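The values are calculated or read from the model by the stated rules, or taken from the named source; none is laboratory data. No experiment lies behind these values; they were computed from the predicted model shown. Cβ placement follows ideal geometry from the backbone for every residue including glycine, while neighbour counts extend to all protein chains displayed.
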Amino acid sequence: MVRILAISDSHGDRRTLYRILDTHREANAVFFLGDGYADLLDLQDEFTVHAVAGNCDGFSCEAPAERETTVGGKRFFAVHGHHYSVKHTLLRLSLAAQSRGVDVALFGHTHTSCIERVEGLTLVNPGSVRDGGRYALIDIQNGEVFPHLERLR
């Protein structure tokens, strides 16, 4: 089994972010979906993080706006979501992800957790680290994707 931790929108809440990361040290990969990139800078030696920039990360952020990578045999497309109008619809993001042939699209921006399945594509928004300690775990087992929405207790 491969476990992926998806986090987003820490907006300076390093304490909660670090607690989530510490709780899930078993994760094989970590995706950070923007708005708080600076919160990760102290952790670069401890974790391999696939990060993307959010609309609040500023122009000096070194993370790309989009990222495609393969983990556990599944292709992931990660964005913050503001360029895809995810606060209004998931259609643009779904179409972009499908055109790239990915299995999972990860996004943030809305601060609202969700899991959607659209024609073989899994869309996951982990919610906001800052607003409620929300995150997602995505397990890949026997070629299947099993996303779970979580909340730090």
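Of the residues contained in segment 93-101, one or more are found to be under 19 Å from Ile4 (Cα atoms) and at pLDDT 95 or above. Of everything in segment 99-116 that is in contact with a Leu (Cβ under 6 Å, 6 or more places away or on another chain) and surrounded by fewer than 22 Cβ atoms within 10 Å (Cβ to Cβ), the residue that is farthest from Leu137 (Cα to Cα) is Glu116.
Here is the figure for segment 49-59: residues that are surrounded by fewer than 19 Cβ atoms within 10 Å (Cβ to Cβ) and not in a loop (DSSP other than H, G, I, E, B) total 1.
Scanning segment 66-107 for residues that are small (Gly, Ala, Ser) and over 17 Å from Pro147 (Cβ atoms) turns up Ser85, Ala96, Ser99, Gly101.
The residues in segment 1-43 that are among the polar types (S, T, N, Q) and part of a loop (DSSP other than H, G, I, E, B) can be counted, and the count is 3. Taken across segment 25-48, residues that are within 15 Å of Pro126 (Cα to Cα), buried (at least 19 other Cβ atoms within 10 Å of the Cβ) and in contact with a Pro (Cβ under 6 Å, 6 or more places away or on another chain) do not occur at all. Quick check: anything in segment 60-67 assigned to a helix (DSSP H, G or I) and farther than 16 Å from Tyr135 by Cα? The answer is no, given that none of the residues of segment 60-67 is assigned to a helix (DSSP H, G or I) and farther than 16 Å from Tyr135 by Cα. Taken together, the criteria place Gly143 among residues that are out of contact with any Gly (no Cβ under 6 Å at 6 or more places or on another chain), at pLDDT 95 or above and surrounded by fewer than 19 Cβ atoms within 10 Å (Cβ to Cβ).
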